[in-house]
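The values are calculated or read from the model by the stated rules, or taken from the named source; none is laboratory data. Small disclaimer: the values here were computed from a predicted structure and weren't measured. A quick note on method: Cβ atoms are made from the backbone with ideal geometry, for glycine too, and the neighbour counts reach across all protein chains shown.
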Amino acid sequence: MTKPEVNFLIGITHGGRFLSGVATAFSRLSWIPLLHTLLGTLLVASGAAVLNHWMEYPFDAKMRRTPGARSPRRIEPGTALAFGSTLSVAGA
């Protein structure tokens, strides 16, 4: 539900943008802000993906292409809401 492939690409692009905006030389770069930025971004993006599944639960359950997908069948909407909210708050 967190869409790790998409979030991997988000992390790569966000990390690149972070590094392009740093005014110091690469050898003097402080890695802690970069790691915090990447972790927060990935948590918020994962939470948004899970919350998107939660919001579309009634529609996905009726679609022909998603009857075997996790969100309509195996994961309860309340669990998805709690998980997505937790990820989003932790990332923020």
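Side notes on the structure shown:
- Within segment 1-59, the set of residues being of a type in the set (Asp, Glu) and either in a loop (DSSP other than H, G, I, E, B) or touching a residue at least 24 places away in the same chain (Cβ under 8 Å) (or both) comprises GLU56 only.
- Given (1) touching a Gly at 6+ places or on another chain (Cβ under 6 Å); (2) surrounded by 15 or more Cβ atoms within 10 Å (Cβ to Cβ), index of the condition HIS53 fails: (1)
- Selection from segment 17-50 of residues that are loosely packed, with under 15 Cβ neighbours inside 10 Å and either within 13 Å of MET1 (Cα to Cα) or of a type in the set (Phe, Trp, Tyr) (or both): PHE26, TRP31
- The set of residues in segment 75-88 being in a helix (DSSP H, G or I) and either crowded, with 17+ Cβ neighbours inside 10 Å or at pLDDT below 70 (or both) consists of ALA80, PHE83, GLY84, LEU87, SER88.
- Exactly one residue out of PRO67, PRO72 is surrounded by 14 or more Cβ atoms within 10 Å (Cβ to Cβ) and at pLDDT below 85: that is PRO72.
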